[in-house]
Amino acid sequence: MSMLTIRNLDKSLKAELRITAAKHGVSMEEQARIILRNALMPRKNEKGLGSKIHRYFKDSGGIELELPKRSLPRSSPDFSEP
């Protein structure tokens, strides 16, 4: 494992890190590792754009759309006679 030292960290940023770590019940060091891992490592079970959009808006409550009635499908053309 490597070691990383971060200098000149804003006091407000450090305070936010401390609060977030406390909410998750981990140390500030572990919380920093979690943040870096989430920001930099690719997600293996990441889905497509639709899933990302859904995840972004899922807490907004959604919206009900009224869809137009569908018509019956057209019959297939008859190619049996030239």
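Values for this structure:
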{"quantity": "Under Karplus coefficients 6.51, -1.76 and 1.60, residue-wise ³J(HN,Hα) of region 22-34 in Hz, glycine/proline x", "calculated": "5, 4, 8, x, 10, 6, 4, 5, 5, 5, 5, 4, 4"}
{"quantity": "Listed residue (Ser76, Thr5, Ala21) projecting farthest to the positive dipole end of the chain, Cβ model", "calculated": "Thr5"}
{"quantity": "Given (i) 266; (ii) 91; (iii) 193, the label whose value is volume of the Cα convex hull per residue in Å³ derived from this model", "calculated": "(i)"}
{"quantity": "Nitroxide proxy distance, nm - points 7 Å out along Cα→Cβ at Arg43 and His24", "calculated": "1.4"}
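No value in this document is a laboratory result; all are computed from the given coordinates. All values derive from a computational prediction rather than experimental measurement. All Cβ positions, even for glycine, are placed from backbone atoms using ideal geometry, and neighbour counts span all protein chains on display.
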